[in-house]
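Read-outs: derived from the displayed coordinates by stated rules, not from any lab. Keep in mind that what you see is a predicted model, and the values were worked out from it rather than measured.
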Amino acid sequence: MKLSVIMPVYNEQGTIREIVARVRAVDLPNLDRELVVVDDGSTDGTRALLAEMDGRDGVRVLLQPKNMGKGAALARGFREATGDILIVQDADLEYDPSEFGLVLRPILAGEAEVVYGSRFLGTASGHRVLYFWHSVGNKMLTTLSNIFSGLNLTDMETCYKAMTRGIAAQLDLRSRRFGVEPEITIKVARLGARVYEVPVSYHGRTYEEGKKIHLKDAFLAGLTLLRFAGWLAPKGVRAGAARKG
């Protein structure tokens, strides 16, 4: 069985070497692995560093022609990944790849097709305390997502989303920016996938440290929920048919 780690990257010169090293250092017995890095038009020197890594130790680098947004980068990564299981990893060190095993466990055990790593279920390592209004916005968006999707997630906006290829192949992602998170969630629910949540740690960073999401992204995520609220799974794919992958 093979795992594809999908990593969207935009202007992460200061963290890209370390996050790639952390992903490669994760011990996942019985799983082949590839790291698919999708650079979204970086202009800070990130591309030069990625050029040194491309083709080494399972690292594949895909270059977007211009900055198109996280959603577009994920869509390309999902299309070009070759693994049986896919997991998203941000490049900013806020999420710890050493927890891959925890996130993947329900899929490997045959209990789930999709797993969300929740920052709000509580972990022994805790999390960095930062922006109050970010947490309020996240909870509001997660609640709206639950209303439209029928799920009962605690952290819809989490980076850590893992899924089988059978589910990923049906998502046909259209959102270009951070609206991709609610789009994935709505579509996963409509496909009838078995969804699990597991607790993960979170080491958030400040805007001075390079954080990119802003209030307008929360607003656009809400619009994305409305846009895809009526999305229906392709005929013959819903529930069991989506699980064959």
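Quick one: Karplus J couplings for the range 87-104, per residue in order, coefficients 6.51, -1.76, 1.60, θ = phi - 60°, nearest Hz, x for Gly and Pro?
9, 8, 10, 6, 9, 9, 6, 6, 10, 9, x, 4, 9, 3, x, 5, 5, 7
Would you mind checking which residues have amide H under 5 Å from Ser42's amide H? H placed 1.01 Å from N; only 5 or more apart, or other chain.
Asn11
Would you please give the residues with an amide H less than 5 Å from that of Leu62, counting only those at least 5 places away or on a separate chain, with H modeled from the backbone geometry?
Val37, Val38, Asp39
Taking 18 Å as the cut-off for C-alpha to C-alpha distance, list the pairs among Lys2/Lys161; Lys2/Lys187; Lys2/Lys66 that go past it.
Violating the 18 Å limit, Cα to Cα: Lys2/Lys187; Lys2/Lys66.
Would you kindly state how much longer the chain becomes between Ala109 and Arg56 on full extension, computed as 0.36 nm times their sequence separation minus their alpha carbon distance, in nm to one decimal?
Additional length available on full extension: 16.1 nm.
Which whole-Hz couplings ³J(HN,Hα) result when phi for each residue of the range 11-27 is put into the Karplus expression 6.51 cos²θ - 1.76 cosθ + 1.60, θ = phi - 60°, listed in order with x for Gly and Pro?
Once rounded to whole Hz, the list reads 6, 10, 4, x, 10, 5, 4, 5, 5, 5, 4, 5, 5, 5, 7, 5, 8.
Under a cut-off of 20 Å between alpha-carbon atoms, report the aspartates and glutamates in cross-link reach of Lys139, not counting same-chain residues fewer than 8 places apart.
Glu94, Asp155, Glu157, Glu181, Glu183, Glu197, Asp217
Could you give each residue of the range 76-84 its phi-based ³J(HN,Hα) in whole Hz, using Karplus coefficients 6.51, -1.76, 1.60 with θ = phi - 60°, and x for Gly or Pro?
5, x, 4, 5, 9, 5, 10, x, 7
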